[in-house]
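Colleague: Just passing along the structure, written as structure tokens.
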Amino acid sequence: DTGVSQDPRHKITKRGQNVTFRCDPISEHNRLYWYRQTLGQGPEFLTYFQNEAQLEKSRLLSDRFSAERPKGSFSTLEIQRTEQGDSAMYLCASSSLKRTSGRQETQYFGPGTRLLVL
Amino acid sequence: QQQVKQSPQSLIVQKGGISIINCAYENTAFDYFPWYQQFPGKGPALLIAIRPDVSEKKEGRFTISFNKSAKQFSLHIMDSQPGDSATYFCAASKNFGNEKLTFGTGTRLTIIP
């Protein structure tokens, strides 16, 4: 049984560079969420997908951020022209929305990708 | 705009004692309230969750108490152990958990021998 995995676990980049993170959800989970967590704070919602459709984006997600989930499996989060304020832990979570009951299972989180922008 | 307020920011409890963390929410549309535990360098892991149709839920040493009229809920950890030392986050969601989670700011819990 594999949980949510994220790659890379750590990323150091220079201001102005582009970075891309990958999230592999639990197999057959149809919902995938991205959150951002800064030091000493709780995770903040960025965006989520149901299968390949991106259903909601937070106002935190500026034009420099883009997320995709091709084929409804893994997802990527890209940050263009990184800024020092982008330094944070980027967390991915997945869950399964059961069509029969409409109830969602727990959101399971991955270990996160810690980004440091110099 | 903080929709879920959590207190205290940090908490020190003796081994065997009861740890209590409190949260308050503003949005009455919230109807799913989980608690997550996070260790350094790890992602949050679900501990226990409650829906507003019950006032209390217990799983092992962990209990959620829920007060719908006051829009408050709390986590009680009985017989606290050093292994419980972690950061705890309350959260809330709408549509019975079918939407994004809104997290509190976290409580760093330290259990001392």
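Colleague: If the chain between B:Gln3 and B:Asn27 were fully stretched, how many nm would it gain, using 0.36 nm times the residue separation less the Cα-Cα distance?
Modeller: 8.0 nm
Colleague: Still on this structure, I have one more. Considering the options A:Ala53, A:Gln84, A:Leu39, tell which one lies farthest towards the positive end of the dipole of chain A, charges being +1 on Lys and Arg and -1 on Asp and Glu at the Cβ, about the Cα centre.
Modeller: Comparing the listed Cα positions along the dipole, A:Gln84 ranks first.
Colleague: Whose amide H sits under 5 Å from the amide H of B:Gln3, counting only residues 5 or more places off or on another chain, with H placed in the peptide plane?
Modeller: none
Colleague: Under a crude label model (7 Å from the Cα following the beta-carbon direction), how far is A:Glu28 from A:Phe74 in nanometres?
Modeller: Between A:Glu28 and A:Phe74, the label points sit 2.2 nm apart.
Colleague: Here's another thing I want to ask about it. Given 10 °C and 1.306 mPa s, compute D for chain A with the Stokes-Einstein relation, Rh being the Kirkwood radius over Cα pairs; round to the nearest whole µm²/s. Walk me through the numbers before you get to the answer.
Modeller: Values: Rh = 14.4 Å.
Diffusion coefficient, whole number: 110 µm²/s.
Colleague: Under a point-charge model restricted to the Cβ atoms of Lys and Arg (+1) and Asp and Glu (-1), what is the dipole moment magnitude of the range A:30-118 relative to its Cα centre, in debye to the nearest 20?
Modeller: Approximately 300 debye in magnitude.
Colleague: Mind checking the dipole of the protein assembly as shown: about its Cα centre, +1 per Lys or Arg Cβ, -1 per Asp or Glu Cβ, Debye to the nearest 20? Before the final figure, lay out the partial values.
Modeller: On the way: 29 positive and 21 negative charges, 55 e Å.
Dipole about the Cα centre, nearest 20: 260 debye.
Colleague: Roughly how many nanometres apart are two label points built 7 Å out from the Cα toward the Cβ at A:Ser87 and A:Leu39?
Modeller: In this crude spin-label approximation the distance works out to 0.7 nm.
Colleague: Per q in 0.23 Å⁻¹, report the Debye log10 I(q)/I(0) for the range A:39-98, using one uniform scatterer on each alpha carbon and no solvent.
Modeller: One equal scatterer on each Cα of the range A:39-98 leads to -1.09.
Colleague: Which order do A:Leu60, A:Leu97 fall in if you start with the one that has the fewest other Cβ atoms within 10 Å? Could you put the intermediate results ahead of the total?
Modeller: Values: A:Leu60 12, A:Leu97 16.
In order of increasing Cβ crowding within 10 Å: A:Leu60, A:Leu97.
Colleague: In whole angstrom, how long is each semi-axis of the equivalent ellipsoid of the protein assembly as shown, when you take the square root of 5 times every eigenvalue of its Cα gyration tensor and sort them from largest down?
Modeller: Output for the protein assembly as shown: semi-axes of 29, 21, 16 Å.
Colleague: Okay, moving on. If you filter the range A:19-118 for chymotrypsin sites (Phe, Trp or Tyr not before Pro), then keep DSSP loop positions with at most 13 other Cβ within 10 Å, what is left?
Modeller: Filter output for the range A:19-118: empty list.
Colleague: If amide hydrogens are placed 1.01 Å from N in the peptide plane, which non-local residues have theirs closer than 5 Å to the one on B:Gly17?
Modeller: Amide H neighbours of B:Gly17, under 5 Å, 5+ apart: B:Ser80.
Colleague: Using a Förster radius of 35 Å, what is the FRET efficiency between B:Glu59 and A:Arg15 based on their Cβ-Cβ separation? Nearest 0.05, please. Show your work: numbers first, answer last.
Modeller: Numbers: r = 45 Å, r/R0 = 1.29.
Step by step, r from the Cβ atoms, then E = 0.20.
Colleague: Report P(r) for the range B:9-113: all Cα-Cα distances, bin width 5 Å, range 0 to the bin holding the largest distance, values in whole percent.
Modeller: All Cα pairs, binned at 5 Å, distribute as 3, 13, 25, 25, 19, 10, 5, 1, 0 percent.
Colleague: Calculate the FRET efficiency for B:Lys71 and B:Phe39 from the Cβ-Cβ distance with a Förster distance of 35 Å, rounded to the nearest 0.05.
Modeller: 0.75
Colleague: Given charges of +1 on the Cβ of Lys and Arg and -1 on the Cβ of Asp and Glu, with all other atoms neutral, how large is the dipole of the range B:30-113 about its Cα centre, in debye to the nearest 20?
Modeller: Magnitude of the dipole: close to 160 debye.
Colleague: Using a 10 Å cut-off on Cβ to Cβ distances, tally the other chain neighbours for every residue of A:108-116 and report the average as a whole number.
Modeller: Going residue by residue through A:108-116 and averaging, the value is 3.
Colleague: Further, regarding this structure: Please compare each pair in A:Lys14/A:Lys71; B:Lys5/B:Lys94; B:Lys5/B:Lys68; B:Lys68/B:Lys100; B:Lys58/B:Lys100; B:Lys71/B:Lys100 to a cut-off of 27 Å on the Cα-Cα distance and tell me which ones are over it.
Modeller: Too far apart for the 27 Å limit: A:Lys14/A:Lys71.
Colleague: Here's a follow-up. Would you be so kind as to identify which of B:Pro40, B:Ile20, B:Ala92 lies farthest towards the positive end of the dipole of chain B, taking Lys and Arg as +1 and Asp and Glu as -1 on Cβ and the Cα centre as origin?
Modeller: It is B:Pro40, whose Cα lies furthest towards the positive end.
No value in this document is a laboratory result; all are computed from the given coordinates. Just so you know, these numbers come straight off a predicted model, no measurement behind them. With ideal geometry, Cβ positions are generated from the backbone for all residues, glycine too; neighbour counts draw on all protein chains shown.
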